[in-house]
Amino acid sequence: MCAFRVAQEALQNAVKHGAARRISMRLDGTTDLSLCIEDDGRGFEVDGTRGGLGLISMRERVEGLGGIFTVDSGKDAGTRIHVHVPLVTSRPSVSVN
C-alpha cells in the first residue's frame with residue numbers, strides 16, 4: 001500500500017506541478033522493495049526545503065516502514081523519486097513455554 005500511495009502522489013505531482021510530458025516508473029520486489037519514478041517536468045530546488053505536504057507524506061510513509069526516501073530534482077531538470085524499503089524475509093522464532 002505504501003508503494004501505491006507514493007506512486008500515486010508522485011505521478012500527480014509530476015503532472016500537476018511539474019507539467020511532465022514523460023514519466024517512467026520502475027518497481028522491483030525481488031529482494032527489497034525498490035520504486036523509482038522519474039519525470040521530465042519543470043523540477044524544483046530540493047536543497048534547503050522539505051517540500052510540500054505531498055513530499056512530506058511520502059517520506060513519512062516510507063520512513064515509517066524503515067525505508068529510505070530520496071528526491072533528486074533541479075530547475076528545468078525533472079524529478080527523480082527513489083524509495084527503498086527492506087522486506088522481511090522470515091519471521092522471528094517464538095518459543096512457547
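What follows is calculated from the coordinates using simple rules that are stated; it is not laboratory data. Keep in mind that this is a model prediction, so the values were computed, not measured. Cβ sites come from the backbone with ideal geometry, for glycine too, and all protein chains shown count toward neighbours.
Output ³J(HN,Hα) for the stretch 14-29: one whole-Hz value per residue in order, computed from phi by the Karplus curve 6.51 cos²θ - 1.76 cosθ + 1.60 with θ = phi - 60°, and x for Gly and Pro.
Residue by residue, the stretch 14-29 yields 4, 7, 6, 9, x, 6, 5, 9, 10, 9, 10, 9, 10, 10, 9, x Hz.
What does the helix-only formula give at 222 nm for the chain: each DSSP H stretch with n ≥ 4 adding -39500 (n - 2.57), the total divided by the residues, and the result rounded to the nearest 500 deg cm²/dmol? Numbers along the way, then the final one.
Details: 2 runs with 27 residues, N = 97.
Mean residue ellipticity, 222 nm, calculated: -9000 deg cm²/dmol.
Residues of the stretch 50-69 with the amide nitrogen closer than 12 Å to a label point 7 Å from the Cα of His84, along Cα-to-Cβ, please.
Counting backbone N atoms under 12 Å from the label point, the list is 67-69.
Tell me which of His82, Leu11, Ile37 sits at the most positive position along the dipole axis of the stretch 2-85, charges placed on C-beta atoms (Lys, Arg +1; Asp, Glu -1).
Result: Leu11.
Given Cβ point charges of +1 (Lys, Arg) and -1 (Asp, Glu) and nothing else, what value in debye, to the nearest 20, does the dipole of the chain about its Cα centre take? Provide the component values of the computation, followed by the final result.
On the way: 12 positive and 12 negative charges, 49 e Å.
For the chain, the charge dipole is close to 240 debye.
Residue by residue through the stretch 68-77, which ³J(HN,Hα) values in whole Hz follow from phi under the Karplus form 6.51 cos²θ - 1.76 cosθ + 1.60 (θ = phi - 60°), with glycine and proline marked x?
With the stated coefficients, the stretch 68-77 comes to 10, 10, 10, 10, 10, 7, x, 4, 6, 10 Hz.
Looking only at Asp72, Asp39, Asp47, which one moves most when the chain is put into a Gaussian network model with springs between Cα atoms under 10 Å?
Residue with maximal mean-square fluctuation among Asp72, Asp39, Asp47: Asp47.
Taking K and R as +1 and D and E as -1, what net charge do the other residues with C-beta under 9 Å from the C-beta of Phe69 add up to?
Overall, the nearby charge balance is 0.
Once you order the gyration tensor axes a ≥ b ≥ c over the Cα atoms, which shape class does the chain get: rounded for a/c under 1.5, otherwise prolate or oblate by comparing a/b with b/c?
The shape class here is prolate.
Quick check: net charge around His82, other residues with Cβ under 15 Å of its Cβ, Lys/Arg +1 and Asp/Glu -1? Present the calculation step by step, with values, prior to reporting the outcome.
Values: positive: Arg26, Arg59, Arg61, Arg80; negative: Glu9, Asp28, Asp32, Glu38, Asp39, Glu63, Asp72.
Around His82, the charge tally is -3.
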